[in-house]
Amino acid sequence: MGDVTDETPPQPPIIVWGVTHGDRPFRTVQVRGEPVGLAHDLTDVVRLAYDAGLSPVDLDDPATVRWVGGDKYTWA
């Protein structure tokens, strides 16, 4: 009873999904479980998070953002 070891760790509020390739590659950004837009660079990630009510945004903090399919420098 009361065993917390089975709890799933909380997801960070921002998830940046892997690159979708095309004429202009992009990454889908999700904030608090909802897709909020497409990012073509780091500035877009910060803007989308800010527009969704998150500020400040530390892109290096794993408690704030989860990068899927590459790090914050993976855009192609």
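FYI, it's all coordinate maths here, none of it is from the lab. Values in this document were obtained by computation on a predicted structure and should not be read as measured data. A quick note on method: Cβ atoms are made from the backbone with ideal geometry, for glycine too, and the neighbour counts reach across all protein chains shown.
What the table shows:
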| quantity | calculated |
| --- | --- |
| With Cα atoms, 0 to 90° folded angle of helix 42-51 axis to the chain main axis | 60 |
| Debye log10 I(q)/I(0) for the chain, one point scatterer per Cα, at q = 0.13, 0.20, 0.27, 0.28 Å⁻¹ | -0.40, -0.79, -1.31, -1.40 |
| Relative contact order (percent, whole number), the chain, Cα cutoff 8 Å, 6+ residue spacing | 34 |
| Residue list for the stretch 41-66, given a label point 7 angstrom along the Cα-to-Cβ vector of residue 23 and an amide N cut-off under 20 Å | 41 |
| Net charge contributed by nearby residues that have their C-beta within less than 15 Å of residue 20 (K/R +1, D/E -1) | -1 |
| Estimated FRET transfer efficiency when R0 is 22 angstrom, pair residue 50-residue 11 (beta carbons, to 0.05) | 0.70 |
